[in-house]
Every structure is written in structure tokens, then in C-alpha cells.
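Asker: Before I ask anything, here is the structure I am working with.
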Amino acid sequence: METIFEIQRRLHEECDRLVMAMSEELQMPKKTTKEKVLADHRIKIYLERYQSCSKSLLELYQDKDGERKQEISNMSINEFKEFYSQFNSLVEFHQNHGNNVAIPSSIEFSKLREQLNDPAYLAEVVKFSDVENYGQYLDLHECYDSYINLRCLDKIDYITYLSEFNKFGEVPKKQKNLKYKKYLELLHDYLYGFITRSRPLFFELEHTIKRNELQFEDLWKNGDVAGWERPKDLEEEALINLNEFAKWEDLTYLGLDRLKAALQAKGMKCGGTLEERAQRLFASKEEKNRSNQDCHRLMAFNQKDKEIALLEYHIGRLAELVDDQIYETKINLQRKQARYTLDESDEDSMDEVESDDDDGIPYNPKNLPLGYDGKPIPYWLYKLHQLHFSYECEICGNYKYNGPKAFQNHFSEWRHAHGMRCLGIPNTAHFANITKIEDALLLWDKVKDSTFSKMWIPSNEEEFEDSRGNILSKKVYLDLQKQGLL
């Protein structure tokens with residue numbers, strides 16, 4: 001049994017704990033989008049609880065029933081009597097409820113924090129699809145499917161749809177029917193739910209929606225809503241109530257231009273003199289009941305248009321709030337398309353690669369290389385590194401290398417160096433990209449010739465001088481000496 005002051009003390013203590021918890025969440029660094037979104041949701045839960053406690057405190061301080069004032073009065077008159085009165089009440093309460101153990105508020109709050117810090121619990125409370133990645137991207141596939149099923153609208157791809165789903169002015173008015181309205185409701189509900197899930201601390205959303213409704217009302221009255229613009233003169237003439245005119249001569253006072261606009265609004269011929277136009281317009285006058293029914297149908301039609309226009313206006317404003325996510329979604333889709341440009345057969349083979357047999361041996365019909373996890377690498381990675389091209393080297397014993405990178409690297413590896421040593425050829429830069437033994441031997445001969453021709457040979461470079469002072473090479477000098485010419 002708690003007194004009013006004890007309840008106030010407990011609520012103040014609860015508010016202090018909530019403020020401390022929110023401060024810790026704000027100061028904690030977040031590395032990923034998931035951590036940031038989950039932290040915002042925890043702060044939102046703390047904040048809602050803080051607001052509930054503050055509301056209860058306000059009601060207690062207002063003291064509308066006068067209990068708090070009475071309790072203060074009792075304490076000020078005879079504090080000891082009030083103390084023992086409350087003490088006896090506590091004793092009596094615990095005698096009647098002795099088996100009920102009260103959980104301290106600090107322990108209860110600790111359990112709440114443990115629950116909120118559990119990612120599995122928050123994942124159930126805040127659900128994101130795999131495509132959304134905790135609010136980083138939009139997942140408008142369901143809305144896109146509904147859009148392409150609308151009649152008489154151009155069929156566009158998903159990336160184009162992300163750029164044009166909020167451009168309602170390009171949709172003809174005659175196509176904006178009930179099915180189109182259901183599509184708008186689906187799109188509006190998704191955008192609203194996405195913002196509340198990805199930005200839980202954006203408390204201005206409801207205020208923004210109400211402000212948008214007020215702005216829409218002003219634009220609708222003036223006929224300035226995008227895609228629903230109405231000519232002011234034709235609209236005014238279309239609302240002419242012919243029941244106010246007793247005879248066609250009364251219509252002539254409206255003038256040629258106004259009668260022409262009224263006839264155009266009714267889809268009738270608008271030419272002729274003033275009298276002809278007045279007679280033609282007055283002839284279209286119907287009975288009062290029929291006119292009232294048409295008026296009601298016109299009002300219902302205008303109300304339907306207004307509801308559709310309001311949905312379009314709301315979606316346009318909500319799309320502005322997620323403009324960054326729309327851009328990131330398009331970039332992510334383009335990146336995926338660049339990585340997964342595979343035909344149907346390639347996709348089937350990739351699915352086969354990812355599946356394993358019952359005996360634990362990876363299913364690898366295309367003989368793809370194995371990755372670090374012991375499973376075949378993805379087919380797109382296999383094609384990206386051009387591993388489907390093989391290169392054979394005769395010097396290495398006709399060994400085959402998959403991919404240009406492995407082929408280029410093998411010239412500096414042990415197998416190719418060993419083959420070159422067996423041929424008696426040094427593995428130098430002269431023999432790069434040489435894979436045939438015959439080509440390597442021919443090139444080695446050319447290298448030796450060009451190298452030895454530049455070498456210094458002492459026997460060919462020695463010089464001798466005859467008795468006349470002529471400088472001769474050693475070979476010429478010895479030949480002339482043998483012939484006795486010196």
C-alpha cells in the first residue's frame with residue numbers, strides 16, 4: 001500500500017533511471033545501420049515510458065481530488081499520528097498479503113534493459129525485410145507489382161519505378177479509379193510504416209501529416225493540386241444552376257462568353273448567337289429531382305477525386321522524407337545488376353553449386369575452384385576472374401593454369417623455374433610469356449649470340465707493330481710473318 005508521496009518518489013526515481021538509460025544509448029557509438037536503428041527504438045521505448053511517468057506525476061501534483069492536500073494537512077497537524085497510522089496500514093496490508101513478494105523497481109527496470117538489449121527481442125518488435133536492411137533501402141516490390149497490374153499504364157522496370165512512383169501528374173485522370181486508389185493506399189501505408197520503423201525518433205511525422213492536409217485543402221480550393229489543376233472559369237460556369245432561371249431569355253444576361261463556357265462544360269455545341277446559345281442551354285434543363293441526383297453524383301465524384309488527390313499529395317511529401325533511401329536503393333540495385341548479369345543457365349548452375357550432396361561432398365558439376373570454406377566459389381566470381389580460360393605451359397610439363405592472373409604469376413614460381421633449369425636456360429626476364437620449349441631454346445641461342453658477340457676476347461684484341469710502324473692485329477701480323485713479308 002503506497003501513499004501519494006511514495007508514489008511520487010517512485011515515479012521520480014523511474015524518470016531518473018530512464019533519463020540515464022537514454023543518455024547511455026545516445027553516447028554509445030554505433031558502427032552499423034542496424035545498431036543505430038535498434039538504439040533509436042530502445043530510446044523511443046524509454047521515452048514513451050518517461051512520458052507516461054511524467055503524465056502520472058502531473059496528475060498527482062494537480063491533485064484534482066484533494067488527496068495529496070489532505071495528506072499534507074494530516075502530516076502538518078500531527079506528524080507522529082500520521083506516521084503510526086501509515087505504519088499500521090502497512091502492517092495490516094502485509095498480514096493480508098504476506099505471500100506476495102514485491103519486485104523492486106530497480107530490478108524490474110534491469111530486466112527491461114536486458115530485454116531491450118536482446119537483438120532477437122527487438123527484431124520481433126521492429127520487423128524489417130532482408131531487402132530493407134534495417135531501413136537502409138526501400139522494399140517497394142509489392143507496390144510495384146500492384147502498379148504494373150494497373151491497366152493502360154506504361155510497363156516500366158523496378159529501378160525506373162523507384163524514380164517515378166511519386167510523379168502522379170503523368171497518370172491520366174481517367175485511369176485514376178478505385179483500383180488505382182487501392183494502389184495508392186498500399187503505397188502510402190508502406191512509406192508511413194517504413195518511416196516509423198526506420199526513424200522511430202522522428203516525432204514530427206504526425207505534425208507534418210496534419211500540416212500537409214491543411215496545405216492540400218488550400219491548394220484544392222484554388223485548383224492548384226499537381227495533376228488536378230482546374231480552369232477557374234470553366235469550373236465556375238459548370239456550376240450554373242439552371243433551375244434559378246425561369247425562361248431562356250434570363251440566360252442572355254450572362255453574356256456570350258459565359259454561355260459558351262457553360263455549354264462547353266456540358267459537352268454541348270457552343271457556337272451561334274446569344275439567343276441560340278441561351279435557348280440551347282435552357283433546353284438542357286431537367287427536372288428538379290433529376291438535377292438534384294446529378295448534383296449528388298457530382299459531389300460524390302468530386303469527393304472521390306479529392307481522396308485520391310490527397311493520397312497522392314501525402315505520398316509525394318512522404319517520398320521527400322525518404323529521398324536518401326530511394327537514392328541508396330537505386331545504387332544498390334544497379335550494383336547488384338552489375339554483379340549478377342547471368343543468363344538463366346548460369347543462374348541454374350549457380351544454384352547447383354550452392355547445394356551440397358547428402359554425403360557432404362560439394363556438388364560441383366562445372367568443376368569450379370573451391371573457396372576458403374571448402375565450397376565452390378560463386379559462378380559470377382568464376383566468370384569475373386576469367387577462370388574459365390585455361391593456359392598450358394610446355395616448360396612446366398604441360399601443366400594448365402586457370403585464369404590470366406595465375407598464368408602470369410607462374411613464370412616466377414618454382415615449377416617454371418625448375419623446367420628452365422632442366423633446359424639449361426636461366427629464368428630471366430628475356431623468357432617472359434614463353435611457354436614452348438622450342439621457342440625458349442631458339443631465344444636462348446639468340447641471347448647467347450648477342451651476348452658473346454659483345455664479350456671482350458683477348459686473342460682478338462691484341463695488336464702488333466711492324467718495322468715500319470704499322471699497327472696490325474695479332475692474326476694479320478702472324479700471317480704476314482709466316483709469308484716472309486715483314
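The values are calculated or read from the model by the stated rules, or taken from the named source; none is laboratory data. What you see is a predicted model; the values in this text were computed from it and never measured. Here the Cβ positions follow ideal geometry from the backbone for every residue, glycine too, while neighbour counts run over all protein chains shown. The area values use the complete protein model at the heavy-atom level, side chains included, leaving out ligands, DNA and RNA. Shrake-Rupley method; radii C 1.70, N 1.55, O 1.52, S 1.80 Å.
Asker: Note down the accessible area of residue 322, probe 1.4 Å, to the nearest 10 Å².
Answerer: Here the residue's solvent-accessible area equals roughly 0 Å².
Asker: Suppose R0 equals 60 Å; then what is the FRET efficiency for residue 479 and residue 400 from their Cβ-Cβ distance, rounded to the nearest 0.05?
Answerer: Computed FRET efficiency for residue 479 and residue 400 comes out at 0.50.
Asker: Now for a separate question. If you stretched the chain out fully between residue 148 and residue 202, how much longer would it get, using 0.36 nm times the residue separation minus the C-alpha to C-alpha distance?
Answerer: 16.2 nm
Asker: Now, a different point. Let me cross-check residue 423: its accessible surface, 1.4 Å probe, with only protein heavy atoms counted, in Å² to the nearest 10?
Answerer: Accessible area, nearest 10 Å²: 50 Å².
Asker: Related question: Please calculate how many Å² of accessible area the stretch 1-158 carries per residue, with a 1.4 Å probe and no DNA, RNA or ligand atoms counted.
Answerer: Value returned for the stretch 1-158: 69 Å² of accessible area per residue.
Asker: Oh, and also: Going from most exposed to least, what order do 414, 220 have by accessible area with a 1.4 Å probe?
Answerer: Highest to lowest solvent-accessible surface, that is 414, 220.
Asker: Run the 1.4 Å probe and let me know the accessible area of residue 22, rounded to the nearest 10 Å².
Answerer: Per-residue accessible area (residue 22): approximately 30 Å².
Asker: Right, another one. For residue 30, go through the lysines and keep the ones whose alpha-carbon is under 28 Å away, minus same-chain ones fewer than eight residues off.
Answerer: 44, 111, 127, 330, 336
Asker: While we're on this one: Please give the FRET efficiency for residue 158 paired with residue 32, using the beta carbon to beta carbon distance and R0 = 25 Å, rounded to the nearest 0.05.
Answerer: Using R0 = 25 Å, I get an efficiency of 0.45.
Asker: Starting from the Cα-Cα distance between residue 221 and residue 9, subtract it from 0.36 nm times their residue separation and give me the gain in nm to one decimal.
Answerer: Answer, rounded to one decimal: 70.9 nm.
Asker: May I ask you to compute the full-extension gain from residue 385 to residue 304, defined as 0.36 nm times their residue separation minus their alpha-carbon distance, rounded to one decimal in nm?
Answerer: Result for the pair: 23.4 nm of gain on full extension.
Asker: Taking the Cα-to-Cβ direction at residue 443 and at residue 246 and moving 7 Å from each Cα, how far apart do the two end points lie in nm?
Answerer: 11.5 nm
Asker: Taking Cα pairs under 8 Å and at least six residues apart, what relative contact order does the stretch 74-221 come out at, in percent?
Answerer: 17 percent
Asker: Right, another one. If you plug each phi of the stretch 419-436 into the Karplus form 6.51 cos²θ - 1.76 cosθ + 1.60 with θ = phi - 60°, what whole-Hz ³J(HN,Hα) values come out, in order, with x for Gly and Pro?
Answerer: Per residue, the Karplus-derived 3J(HN,Hα) values read x, 5, 5, 5, 7, x, 10, x, 7, 9, 5, 4, 9, 5, 6, 9, 10, 8 Hz.
Asker: Suppose each label sits 7 Å from its Cα in the direction of the beta carbon; what would the residue 167-residue 433 distance come out to in nanometres?
Answerer: According to this spin-label approximation, the distance is 4.9 nm.
Asker: With a sphere of radius 14 Å drawn around the Cβ of residue 26, what net charge do the other residues whose Cβ falls strictly inside it have (Lys, Arg +1; Asp, Glu -1)?
Answerer: So the surrounding residues net to 0.
Asker: Also: Taking H placed 1.01 Å from N in the peptide plane, check which residues at least 5 places from residue 464 or on another chain put their amide H under 5 Å from its amide H.
Answerer: 472, 473, 474
Asker: Can you compute 3J(HN,Hα) from phi for each residue in the stretch 67-75, using the Karplus curve 6.51 cos²θ - 1.76 cosθ + 1.60 with θ = phi - 60°, rounded to whole Hz and x for Gly and Pro?
Answerer: 5, 5, 4, 5, 5, 5, 4, 5, 6
Asker: Follow-up. How do 5, 216, 128 rank by accessible surface area computed with a 1.4 Å probe, from largest to smallest?
Answerer: Listed by decreasing accessible area, they come as 5, 128, 216.
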